[in-house]
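What follows is one structure encoded as structure tokens, with my remarks underneath.
Laboratory data are not the source of any read-out in this text; all were calculated from the coordinates shown. Everything numeric in this text was worked out from a predicted model, so none of it was measured. FYI the Cβ positions are ideal-geometry reconstructions off the backbone, even for glycines, and counts take in every protein chain you see.
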Amino acid sequence: MGCYDCCMKCLGGVPYCSLVATLLCFSGIALFCGCGHQALTETERLIERYFARNLQDYSTLAYLIQYFQYVIYFLASFFFLYCIVLLAEGFYTTSATKQTFGEFRSTLCGRCLSSTFILITYLLVVVWLLVFAFSALPVYFFYNMDTTCHTITVLTESPASINQLCIDARQYGLLPWNALPGKACGMTLSTVCTTREFRLTYDLYIATFAGAGITLLALLILIIETLTS
């Protein structure tokens, strides 16, 4: 009976919402950073092989891709540490822990610490909403490209109309307007859509978008848990 009471006491001190949110955050940020990093690398290869002939045409894009990859390294490290800290704060604010060690939020230090976590998490939610929206842009680009390729496949009996169907990377800001060729049309575009680079990059961006959504959900759970604890 003593062992049972001890186990129940330990289980009662586990902040399950914070634990689930932490696991979701770890999973989401791992998916976002891992797939996003590889997707950016594949994007550079795709642009280099099929949309730009000169290095100068996509040198700015290559620099931006490298910059975003460094940002991804920072995000992975930051969220790993921050989620651990929030999980620890969740353990200290459970009712079972407060009954054992006293009211954590009753002290000035405790209230300031909890308020700081709420503020930082709230700011992260706002920032991550922008990241979530931004991660949808490459999915939209590759979805349009895949849809156009499907249309070309349907219209293979009309070569004239096929050549009018194009995807111009310059319109999406990926390349400068003087880049050559800058776009892929007709059967050339259809061939690009069947390559490994396109399919892999498309799938990676979808996974990146899903990872951003999971991370956003985890942050929302964490801030709700912090406010109600």
Q) Among the residues of region 210-223 satisfying the criterion of being out of contact with any Phe, Trp or Tyr (no Cβ under 7 Å at 6 or more places or on another chain) and surrounded by fewer than 22 Cβ atoms within 10 Å (Cβ to Cβ), which is nearest to residue 139 (Cα to Cα)? A) 210
(Q) Tell me the residue from 41, 22 that is closer than 23 Å to residue 121 by Cα, surrounded by 13 or more Cβ atoms within 10 Å (Cβ to Cβ) and of a type in the set (S, T, N, Q), please. (A) 22
Q: Please determine, by comparing only the residues of region 53-67 that are among the aromatic types (Phe, Trp, Tyr) and exposed (fewer than 15 other Cβ atoms within 10 Å of the Cβ), which one is farthest from residue 128 (Cα to Cα).
A: 63
